[in-house]
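Down below is the structure, laid out as structure tokens.
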Amino acid sequence: MRLSSYFVPTLKEIPSDAIIPSHVLMIRAGLIRMVSAGIYSFLPMGYRVVKKIIEIIREEMDAIGGQEFHLPALNPKEIWEQTGRVEAFGDTLFHVKNRDYVLAPTHEEIMAFHAKGSLTSYKDLPQIWYQIQTKFRNEPRPRSGVIRGRQFLMKDSYTFDRSYEDLDKSYALHDKAYRKIFDRCGLKYFVVGASSGAMGGSKSEEFMVKSEAGEDTVAYCENCGYAANVEVAQSNVQSVKRNEKSEPLKEIYTPNVKSIDELCNFLKIKEEQCAKSRIYINEGNPILVLMLGNDEVNESKLQLITGSAVRPAHPDELKEIAGADAGSIGPVGFKYRIIADNRLKNANNMFSGANKNDYHLGGIDFNRDIPNIEFFDLRIVQANESCVRCGSKLDVFKAIELGHIFKLGTKYSEALGVNYLDEKGEEHPIVMGSYGIGVERIFACFIEQNYDEKGIVWSKPLSPFDVHIIALNMKSKLISETAELIYSRLKEEGFEVLYDDRDGITAGFKFNDADLLGMPLQIIVGEKNLKDGNVEVKIRKTGEKRIYKISELHQEIKKLL
Ligand code: ATP
Ligand code: MG
């Protein structure tokens, strides 16, 4: 491609709305442009990358027996009502005005629609169906460029099996394919176990990359590879030690003492002697949640225990429920459900609120004084705590989800009546799995992991072009003719070549553009080297420069790539 006529609007300045490096560089390198919040166009060079990502995904999906579909993005609302997902998606679902249509945010419903009445016998199973297609989600906070868009490309696949054992096989195939896809794209990623949220699945894993721009927080152990979303992550923190002798309960006057730190100061006690109380509401019923010291309640874990949504009680509800305001609430005499973090198991001689403003209780024995207390893991894991698996120190950081694999089970097949007949003629719901990859996220995350102060650093698999020829001065006949020759020869050899044949542009400007665009190799055609029949090749990643004979160029380039 000749840069003189190719639409690549590079920018020198940092766009004001872009913060993270991939977003800045995708705009500066002329790969994308924003149309409206969360809605982007891929410009010609950016779309080359998209197509390469799609091709890698397609090859690996085909390799596990996937069959490619193309489903409509415009869906009748009715089918989404049948699975209850108009409500589940809520405001994230785009509705089409004046028609009972929605714009599909994912395609479980439509794939199940095609399976219904077609996959009717055990002989029709298993099936792996996939597509690479546009999805629509009215994300409340589109940000980080294409990483969280309102319209984006997803590879989504769906498996149909007769049993959970067979689903395990389909799931394992996807796990393998996903690793190959991300490896081939050159991404550094890790896999975490996760809760599957609105999808309603039983087991799921997320493929993540570490990034400050991420909206997920994960706990990760470098030593053994343990990785989990903090929503479900565990660590090996010590429980409190039970004292030999239990003291009697005593009420203590604690004026204006509200927080755990204030209590510790006031009574000259340690954080580990205090139980912090929080009241949550679940389906209209209060629950007292007890944590050791300043440990934070993990609301996702709490929700997994209650099985439905929880919210913190409002300050004006507390008095009615517990008889006291925040800061004075405690477990002794509390009339509703009480659950406590595992660290508090068998605790005695503890301090907590007295359910009476300005009073606390001391000498609380969790076994003696709190009947019907239940214990669970309720903590938010913190960095540097020890790993549940190997005891090494855990790292906690932000990450971006690249892909997600779910064991769906029969939720959708039951809702939509997708059944098959077994050998005995008995009817069963088909067992489904669903698996997604964000195409734009692969794109942006690759840049997040491969850039320097000058620009993007592509490597062969996703790079828009293999080589970037820079003709230093088009006015020189020697340079322009040689550059033309190299350009056509390399194209004939099957390389993808970008050729900076722009006239009237300084060498410095061309070098800066080449570094910004970031092709793996630059071939610099200039007078000095040409005199000896040579050109200079710069390796973008290392900055290393080598001199090659023009006649040997194509072999050397093949080796370098
Ligand atoms: P997130 O938690 O980041 O919103 P999700 O759990 O909603 O992701 P899935 O429904 O599992 O995502 O979708 C499958 C894949 O599609 C994700 O792993 C991600 O790569 C991609 N994806 C999801 N939402 C977006 C979006 N708004 N913009 C770009 N890609 C997205
Ligand atoms: Mg989402």
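The values are calculated or read from the model by the stated rules, or taken from the named source; none is laboratory data. Since the model is a prediction, treat every value here as computed from it, not as a measurement. Cβ sites come from the backbone with ideal geometry, for glycine too, and all protein chains shown count toward neighbours.
Restricting attention to segment 200-214, the residues that are outside any strand (DSSP E or B) and either over 15 Å from the mean Cα position of the chain (by Cα) or modelled with pLDDT of 90 or more (or both) total 5. Taken together, Ser246, Ser277 contain a single residue that is over 30 Å from Tyr178 (Cα atoms), small (Gly, Ala, Ser) and within 35 Å of the chain's Cα centre (by Cα), which is Ser277. Residue count for segment 21-33, restricted to those that are buried (at least 19 other Cβ atoms within 10 Å of the Cβ) and either within 16 Å of ligand 1 (Cβ to nearest atom) or not in a helix (DSSP H, G or I) (or both): 7. For segment 289-304, filtering for residues that are assigned to a helix (DSSP H, G or I), aliphatic (A, V, I, L, M) and under 22 Å from Gly353 (Cβ atoms) leaves 1.
Screening the candidates Leu119, Leu173, Leu167 for the property of being crowded, with 20+ Cβ neighbours inside 10 Å and assigned to a loop (DSSP other than H, G, I, E, B) yields one hit, Leu119.
In the set (1) surrounded by fewer than 19 Cβ atoms within 10 Å (Cβ to Cβ); (2) away from ligand 2 (no atom under 16 Å from the Cβ); (3) without any contact (Cβ under 8 Å) to a residue 60 or more places away in the chain; (4) not in a loop (DSSP other than H, G, I, E, B), the condition left unmet by Pro72 is number (4).
What about Ile181, is it β-branched (Val, Ile, Thr), crowded, with 20+ Cβ neighbours inside 10 Å and over 30 Å from Ile39 (Cα atoms)? Spelling it out, it is not the case that Ile181 is β-branched (Val, Ile, Thr), crowded, with 20+ Cβ neighbours inside 10 Å and over 30 Å from Ile39 (Cα atoms). Exactly one residue out of Asp156, Asp161 is crowded, with 20+ Cβ neighbours inside 10 Å, within 10 Å of ligand 1 (Cβ to nearest atom), acidic (Asp, Glu) and assigned by TED's automatic domain parsing to the domain that holds Ala399: that is Asp156. Could you go through segment 113-133 and let me know if any residue there is under 23 Å from the mean Cα position of the chain (by Cα), more than 16 Å from Thr92 (Cα to Cα), aliphatic (A, V, I, L, M) and within 16 Å of ligand 2 (Cβ to nearest atom). So far as segment 113-133 goes, no, none of its residues is under 23 Å from the mean Cα position of the chain (by Cα), more than 16 Å from Thr92 (Cα to Cα), aliphatic (A, V, I, L, M) and within 16 Å of ligand 2 (Cβ to nearest atom).
For segment 107-142, residues that are without any contact (Cβ under 8 Å) to a residue 60 or more places away in the chain, within 13 Å of ligand 1 (Cβ to nearest atom) and touching a Leu at 6+ places or on another chain (Cβ under 9 Å) total 3. Just to verify a result, which residue in segment 146-167, among those that are among the charged types (D, E, K, R) and touching a residue at least 24 places away in the same chain (Cβ under 8 Å), is farthest from Ile56 (Cα to Cα)? Across segment 146-167, the extreme among qualifying residues is Arg162. The residues in segment 402-452 that are among the aliphatic types (A, V, I, L, M), more than 10 Å from ligand 1 (Cβ to nearest atom) and either in a loop (DSSP other than H, G, I, E, B) or farther than 28 Å from Ile79 by Cβ (or both) can be counted, and the count is 3.
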